[in-house]
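The values are calculated or read from the model by the stated rules, or taken from the named source; none is laboratory data. Just so we're clear, the structure is a prediction, and the values are computed from it rather than from any experiment. For neighbour counting, all protein chains shown are included, and Cβ atoms are generated from backbone atoms with ideal geometry for every residue, glycine included. What goes into the accessible areas is simple: the full protein's heavy atoms, side chains included, and nothing from ligands, DNA or RNA. Shrake-Rupley method; radii C 1.70, N 1.55, O 1.52, S 1.80 Å.
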Amino acid sequence: MSGDAPMAGPAMRPNGRRWYLVRALTQREAIAAEQLARQGFTTFLPRQPRTVRHARRIRIALAAYFPGYLFVELDLAAQRWRSINGTLGVSHLVGPAERPSPVPNGVVEALIAAADARGVLSGPPLQGGQTVRIIAGAFTDQLAVIERLDEAGRVRVLLEIVTGVVAVTLPREMLNEAR
């Protein structure tokens, strides 16, 4: 979510307000969301942790869950929505030439419900015995099997390396479901 505007659930949305898809410029989703919020629009930018490698350093950064896109809540009849297309970081509202098309009801609301306060979508719940991929740290891109999880968000995984199986405890954010 962008700005400090409270998110309205499906039952709380005023009549005429719908979610619309905004096409952002390449890697400018956060800038677009910030600029739209400054104009008074309610936005939602779903994010996910991503591993960033640069100059032998590895860090976890938040990246757009849908690269190049974010959502804006509008009432086309009551708001001056055409200004969105000229906003810094925005390419255009998605839809036919004259009017944007709304996102189907419930889609954005479900994403908001699955996200934390920063807009980070949590993956499916992890379980013991599940195979996961490590996305950051010394073991980046290695597969491991979950041994146990704790309430503090740490996960103990079993990692198979040349010398055998090694147990490693990692934060939840460093793991993704193996695909």
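Here are the numbers for the structure shown:
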{"quantity": "Relative contact order computed over region 17-78 (Cα-Cα under 8 Å; 6+ residues apart), in percent", "calculated": "49 percent"}
{"quantity": "Residues with amide H under 5 Å from that of SER91, placed H, sequence gap 5 or more", "calculated": "ARG23, ALA24, LEU25"}
{"quantity": "Normalised contact order of region 83-179, rounded percent, pairs of Cα under 8 Å and 6 or more residues apart", "calculated": "18 percent"}
{"quantity": "Carbon + sulfur, % of accessible area of the chain - ligands and nucleic acids excluded, 1.4 Å", "calculated": "52 percent"}
{"quantity": "Candidates ARG57, ARG133, ARG38, ranked by Gaussian network fluctuation over the chain, Cα under 10 Å, top entry", "calculated": "ARG57"}
{"quantity": "Accessible heavy-atom area order of GLU173, GLU34, GLU109, highest first, probe of 1.4 Å", "calculated": "GLU173, GLU34, GLU109"}
{"quantity": "Only Lys, Arg (+1) and Asp, Glu (-1) charged, at Cβ; region 21-125 dipole about Cα centre in debye", "calculated": "660 debye"}
{"quantity": "Tilt relative to the chain, helix 29-38 - C-alpha long axis, 0 to 90 degrees, to 10", "calculated": "40 degrees"}
{"quantity": "Highest-MSF residue in the chain out of VAL108, VAL165, VAL120 [GNM, Cα springs under 10 Å]", "calculated": "VAL165"}
{"quantity": "Where labels lie 7 Å past Cα in the beta-carbon direction, separation of GLU160 and ARG23 in nm", "calculated": "4.5 nm"}
{"quantity": "Å² per residue, accessible surface of the chain at 1.4 Å", "calculated": "61 Å²"}
{"quantity": "Farthest toward positive dipole pole in region 72-156 [+1 Lys/Arg, -1 Asp/Glu at C-beta], among THR87, ASN105, GLY153", "calculated": "THR87"}
{"quantity": "Size of charge dipole - the chain - debye, nearest 20, with Cβ of Lys, Arg +1 and Asp, Glu -1, no other charges", "calculated": "480 debye"}
{"quantity": "Farthest positive-ward along the chain dipole, Cα basis, beta-carbon charges - from ILE58, LEU45, LEU121", "calculated": "ILE58"}
{"quantity": "Chain lengthening between ASN105 and GLN142 when straightened (0.36 nm per residue, less Cα-Cα)", "calculated": "9.5 nm"}
{"quantity": "Net length gained if the chain between ASN85 and ILE58 were fully extended (0.36 nm per residue, minus Cα distance)", "calculated": "6.2 nm"}
